[in-house]
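Contents: one structure, followed by commentary.
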Amino acid sequence: MIKKLPVFLMFFFSVICFAQTYKPLDTADYAQRKEFAKIYAANSEILIKDLKTKYSGKAGSELPKIYKELGKDFEGQVKNKDFVFNSVFDAKVKSLIERLRKNNPQIPQNLKILIAKNNTPNAYCFADGTFVINMGLFNWLNNDDQLASVISHELGHKITQHTLKSFLNMIDQNEMDKLVVHDIKSTKINRNQRAFDVLKNRIYQKGAKNRKQEMEADSLGYVVFKNSDFKNTEFINTLKRLEDFDTISPRQLKVETYKRFFTLPKQEFKDQWLAKEDFSLYNYDHFNEKLNKDSLKSHPEVTRRINNLKRIFPELKTEVADEKASESYAALEKIARMETLPNFYHSEDYGLGIYASLQFLQDGEEEPYYKSWLGKCFAKIYEARKNYNLNRYLDRVDPKNQSESYQQFLNFMWNLSLDEIKTIADYYQTKES
């Protein structure tokens with residue numbers, strides 16, 4: 001035990017030092033953003049010219065419009081600093097892609113890596129080869145192999161050109177729907193229902209095609225993955241891990257936590273802040289959904305995806321526990337965790353930022369750091385409340401779709417008066433807090 005003490009102390013002090021010295025990732029990257037936007041715009045022009053050459057008729061005229069609109073939206077995200085350039089995450093992603101590429105020559109050579117300031121564990125790829133990795137993947141996944149499996153899945157989409165195929169199908173469907181709508185207009189019988197049926201069928205068909213593409217990307221992605229030097233079973237473990245993700249953490253926020261952090265020198269805690277709105281009179285059983293939720297889903301159930309992979313690839317039937325993270329991955333995971341609040345703040349999710357801060361504080365993590373973010377988010381909530389646009393930054397209570405803990409939090413936030421919010425914001429933005 002005595003021999004282990006210095007190691008523990010070293011770890012303990014390193015964590016404290018990390019918290020005290022940590023600063024959010026620098027986004028003062030105007031030159032890089034400008035250069036990237038310039039190259040992206042040039043590549044988009046080449047892509048659009050190529051589409052006009054390859055496709056004629058309606059597809060030849062509509063595809064360029066779709067890609068132009070997508071490009072405009074993406075360039076807006078770049079200008080809005082939604083991505084970090086030359087970050088500590090880039091080298092890791094590039095190294096994983098190179099490991100995947102060794103025995104998979106079909107992987108495009110022109111991939112460019114962007115790290116998004118987004119806490120959702122997701123990745124996607126644009127037509128020009130820009131590969132976007134959300135920072136949330138590093139925080140949520142457990143090791144290099146799991147991150148590589150997500151990249152492999154997205155490469156499956158890229159290699160099979162799923163996005164392009166979806167756009168072509170959408171254009172064809174638009175033309176068919178126009179004929180049906182014209183027929184509906186020519187009659188006066190049951191117009192509304194017939195028009196709704198067209199919309200419903202369109203949405204259901206899109207959902208079904210998306211779910212099919214996800215299964216295809218799983219299969220092709222796994223082939224890419226297993227051709228490399230990663231552990232096969234981590235592909236299944238990744239799907240299980242992603243199934244557990246929820247943007248709003250399901251961890252319970254205790255009443256004691258509210259009392260601890262909101263009993264202030266100039267403002268005593270009030271029990272009425274925790275009063276809950278009574279939804280007992282609402283009978284949701286009488287509400288009939290017009291659209292089937294399962295048919296709307298863009299992704300199949302994870303269990304179905306796993307079973308499909310096990311059916312096609314028998315070696316996946318044997319399940320093994322997650323691999324331990326490498327030191328390099330663990331370091332990036334810590335940074336991504338520390339970036340959770342800066343990311344919420346950047347996306348103007350100030351309510352979620354406060355909720356996450358309180359959970360980190362409840363767990364005893366880096367108090368000075370998370371208290372400062374608590375103050376910053378409360379300051380924004382104060383401005384929103386003062387300007388009568390709080391709905392933009394703070395959810396309303398929704399008993400059907402929110403955990404009890406999150407509902408309690410929302411009740412607490414909406415019960416605070418303008419002056420009470422300001423007192424909390426001021427307190428947590430001072431050094432004394």
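The values are calculated or read from the model by the stated rules, or taken from the named source; none is laboratory data. Everything numeric in this text was worked out from a predicted model, so none of it was measured. Here the Cβ positions follow ideal geometry from the backbone for every residue, glycine too, while neighbour counts run over all protein chains shown. Areas reflect the complete protein model, heavy atoms only, side chains present, ligands, DNA and RNA absent. Shrake-Rupley method; radii C 1.70, N 1.55, O 1.52, S 1.80 Å.
Being open to solvent by 50 Å² or more (accessible area, probe 1.4 Å), part of a loop (DSSP other than H, G, I, E, B) and either of a type in the set (V, I, T) or without any contact (Cβ under 8 Å) to a residue 12 or more places away in the chain (or both), is that true of even one residue in the stretch 122-137? No: zero hits. Of all the numbered requirements in (1) outside any helix (DSSP H, G or I); (2) in contact (Cβ under 8 Å) with a residue 12 or more places away in the chain, D398 misses one, and that requirement is (2).
Candidates are the residues of the stretch 281-302 that are open to solvent by less than 80 Å² (accessible area, probe 1.4 Å) and part of a helix (DSSP H, G or I); the one that is modelled with the highest pLDDT is V302. Residues of the stretch 54-95 that are in a helix (DSSP H, G or I) and closer than 16 Å to R33 by Cβ: G71, K72, D73, F74, E75, G76, Q77, V78, K79, D90. Apart from one condition, L51 fits all of (1) open to solvent by less than 30 Å² (accessible area, probe 1.4 Å); (2) farther than 21 Å from I335 by Cβ; (3) in contact with a Leu (Cβ under 7 Å, 6 or more places away or on another chain); (4) in a loop (DSSP other than H, G, I, E, B); the exception is (4). When restricted to residues that are surrounded by fewer than 19 Cβ atoms within 10 Å (Cβ to Cβ) and among the basic types (K, R), the stretch 232-246 contains 1. Scanning the stretch 365-391 for residues that are open to solvent by 60 Å² or more (accessible area, probe 1.4 Å) and either assigned to a loop (DSSP other than H, G, I, E, B) or among the hydrophobic types (A, V, I, L, M, F, W, C) (or both) turns up N387, Y388. Going through (1) modelled with pLDDT of 95 or more; (2) within 29 Å of Q362 (Cβ to Cβ) one by one, D278 falls short only on (1).
One residue is enough: does the stretch 172-180 have a residue meeting the conditions among the basic types (K, R) and out of contact with any strand residue (DSSP E or B) (no Cβ under 8 Å at 6 or more places or on another chain)? Looking through the stretch 172-180, at least one residue is among the basic types (K, R) and out of contact with any strand residue (DSSP E or B) (no Cβ under 8 Å at 6 or more places or on another chain). Please work out if K212 is within 21 Å of Y124 (Cα to Cα), open to solvent by 90 Å² or more (accessible area, probe 1.4 Å), within 25 Å of the chain's Cα centre (by Cα) and modelled with pLDDT of 90 or more. Yes; evaluated as a whole, the condition is true for this residue. Just one of the listed residues (I424, I335) is in contact (Cβ under 8 Å) with a residue 40 or more places away in the chain, closer than 26 Å to V78 by Cα and part of a helix (DSSP H, G or I), and it is I335.
Results for (1) aromatic (F, W, Y); (2) open to solvent by 30 Å² or more (accessible area, probe 1.4 Å), shown as yes or no for each residue.
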position	(1), (2)
A148	no, no
H153	no, no
F167	yes, yes
M170	no, yes
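Scanning the stretch 59-87 for residues that are over 22 Å from the mean Cα position of the chain (by Cα) and open to solvent by less than 90 Å² (accessible area, probe 1.4 Å) returns A59, G60, S61, E62, L63, P64, I66, Y67.
If the condition is being over 17 Å from the mean Cα position of the chain (by Cα) and over 19 Å from Y40 (Cβ atoms), then the stretch 98-123 contributes E98, R99, L100, R101, K102, N103, N104, P105, Q106, I107. Taken over the stretch 103-137, the criterion of being out of contact with any strand residue (DSSP E or B) (no Cβ under 7 Å at 6 or more places or on another chain) and not aliphatic (A, V, I, L, M) is satisfied by N103, N104, P105, Q106, P108, Q109, N110, N119, F126, D128, G136.
Yes/no per residue for (1) assigned to a helix (DSSP H, G or I); (2) of a type in the set (S, T, N, Q); (3) without any contact (Cβ under 8 Å) to a residue 12 or more places away in the chain; (4) closer than 30 Å to T423 by Cα:
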| position | (1), (2), (3), (4) |
| --- | --- |
| D218 | yes, no, no, no |
| Y222 | yes, no, no, no |
| F225 | yes, no, no, no |
| K231 | no, no, no, no |
| I236 | yes, no, no, no |
| F245 | no, no, no, no |
| L253 | no, no, no, yes |
| K259 | yes, no, yes, yes |
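Considering K81, K58, the condition of being in contact (Cβ under 8 Å) with a residue 24 or more places away in the chain and at positive phi is satisfied by K81 alone. Please specify each residue of the stretch 317-330 satisfying the condition of being in a helix (DSSP H, G or I), surrounded by fewer than 18 Cβ atoms within 10 Å (Cβ to Cβ) and touching a residue at least 24 places away in the same chain (Cβ under 8 Å). If the condition is that a residue be in a helix (DSSP H, G or I), surrounded by fewer than 18 Cβ atoms within 10 Å (Cβ to Cβ) and touching a residue at least 24 places away in the same chain (Cβ under 8 Å), then S328 is the only one that fits. All conditions but one from (1) at pLDDT below 95; (2) surrounded by fewer than 14 Cβ atoms within 10 Å (Cβ to Cβ); (3) not hydrophobic (A, V, I, L, M, F, W, C) apply to S249; the one that does not is (2). Name the residue that is nearest to K380 (Cα to Cα), counting only residues in the stretch 401-421 that are assigned to a helix (DSSP H, G or I) and open to solvent by 50 Å² or more (accessible area, probe 1.4 Å). Looking at residues that are assigned to a helix (DSSP H, G or I) and open to solvent by 50 Å² or more (accessible area, probe 1.4 Å), I get L418.
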